[in-house]
Structure formats: structure tokens, C-alpha cells
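The next block holds one structure in the form of C-alpha cells; read it before the comments.
Please treat every number below as a calculation from the coordinates, not as lab data. In this text, all values refer to a predicted model and were calculated from it rather than measured experimentally. In this analysis, Cβ positions are derived from the backbone assuming ideal geometry, glycine residues included, and neighbour counts consider all displayed protein chains.
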Amino acid sequence: MKTPAFIAAIALGLSLAGTAQAQTATVKVDDLDLSSSAGKEELDNRIDGAALRICRNQLRTGTRLAVSPNGAEMKQCKAAVRAEVLSRLPAQG
């Protein structure tokens, strides 16, 4: 079953970055069959990509230091992005 036409847009003002600047990303889901494992896997990939873009940009603000993709702040940021996207998905059922 395909989800209704829906695009989750994320806007996060992450307190962990110490800035009021919000980052945005779009995760397209209307072409996915979220009742299948392949659809869920693709959604995970899209969320990970959006999270990486948001978190890398958000955490670099005000510094020239490279952000560790496995650091605690990055993991916390990615978890926040994932939670935000999943909260915006239409109910499955």
C-alpha cells in the first residue's frame, strides 16, 4: 500500500548546535510502499541522507572543525531528525 501523497519537511532549530538558525530538508515518501521492507529501507536511507545534510550544516556553524559522523552530537542530531520525520508521517493502518 502506498502512502498518500506526502512530503515530510523538517525544520529543526537544534539547541545542541547553540544557534537559532533552523535547517530544513525534504524527505519524499509518496512514492514508497511503507508496508514493504524495501519501502521501509528506502525511507530509512532518505531520512539518513536528510539527517546528514541537516546535522553536518547545523553542527558546523561557527567552527572550521570537521564534524565527526560518529560523534555523540551527530548521533543526537540524527535521532532528532528521524523522530521529526516519523512524527509527520500519516498513520499506517
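Here the peptides 49-55, 79-85, 28-34 are ranked by packing, the mean other Cβ count within 10 Å, and the order with the highest first is 49-55, 79-85, 28-34. Count Lys and Arg as plus one, Asp and Glu as minus one, and take only other residues whose Cβ is under 11 Å from that of ALA51; the net charge is then +3.
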